[in-house]
Every structure is written in C-alpha cells, then in structure tokens.
C-alpha cells in the first residue's frame, strides 16, 4: 500500500565546477542516534514512537512509501519500528529496561541538519543523546546537473523532488 507523499519545500541546486575542476560529490546523510535517560513506559508506548517517526518525517521532509511496521517484544522489552522511505529508511529499537532508544535515519539525498538531541528530549524525555552523522557518497555530479535539496522556499511543479516513478531532473 503506497502512502501519498506530502507537499515538500525544495530547492534545486545547480552543480557548478569546483575550483579544482573536479566534479562535486553526490551524497546523502545517515544519522545514528542513541538516546538514554528515557522513561521506560514511554519506550513501550507505540503511539509515542509513531509520533516520533511522524515528527522526523515532517522535520526532514521525508517521503514514506508504506506505513511503518512495528514489533513489540515481551516485557521487559520494547518496540522495533521501521518505515521505508523514498529516500531510504527510518528505524528504531527501544530498550525500556535500560531507558534507551537507538534510531537510524538514512536519507539518500542531502538534508539540512536537525537538533536530534532536543527532539529526543522533547518527545521521549531523553537526558543524554549521542548523534553520529555520516555522509554517504554515491558518485560524482557533473557540472550543470540539477540536484534537489530540501530547503526553505515553496516547491513549484517543475522543482519537485524526483520520485521513484519519475526521472531525475537534468539539463
């Protein structure tokens, strides 16, 4: 079952040659988030974790292609959740017995930074959060290529992010 993507704000950035003449790298970002000090009951609350996923999807301008899948472990365990995104995936695993959650967000397109520690504190009561951001490099963009990057200006029909059913925008 496909989930309709919400409207997105997007900037289209045209690749310009680097001073060295080398092509620019095409890359995405992956965040590995470990939050501790969370209340055990919150980490067993499927509605609270769904809300966390919804907030991450909205804040990072992500596009779910199917509803999230969840698995509840027997007590004292928590929940594991995953949502497949047009951009890759969002997943979490909670450890209520330790007051912690591990979250992985992988976006195959560039994304603006976000304050994961504040989000974990706000939504889950985390008292300590460690965030590791990894740039994932796929190849080189050629000068003149148009690369969609989520940004602050409203999208227009010809500046939308390509979807899995459409072709990338090139000139």
Estimated inter-spin distance, residue 102 and residue 132, nm [label 7 Å along Cα→Cβ]: 1.0
Calculated FRET value between residue 69 and residue 34, using beta carbons and R₀ = 22 Å, to 0.05: 0.50
Distance histogram in 5 Å bins (all Cα pairs of the stretch 28-145, percent per bin): 2, 11, 22, 23, 18, 12, 5, 3, 2, 1, 0, 0
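Just so you know, all these numbers are worked out from the coordinates, no wet-lab data involved. What you are looking at is a predicted structure, and each value in this text was computed from that prediction instead of being measured. Quick reminder, even Gly has a Cβ in these numbers, built from the backbone with ideal geometry, and neighbours come from all protein chains shown.
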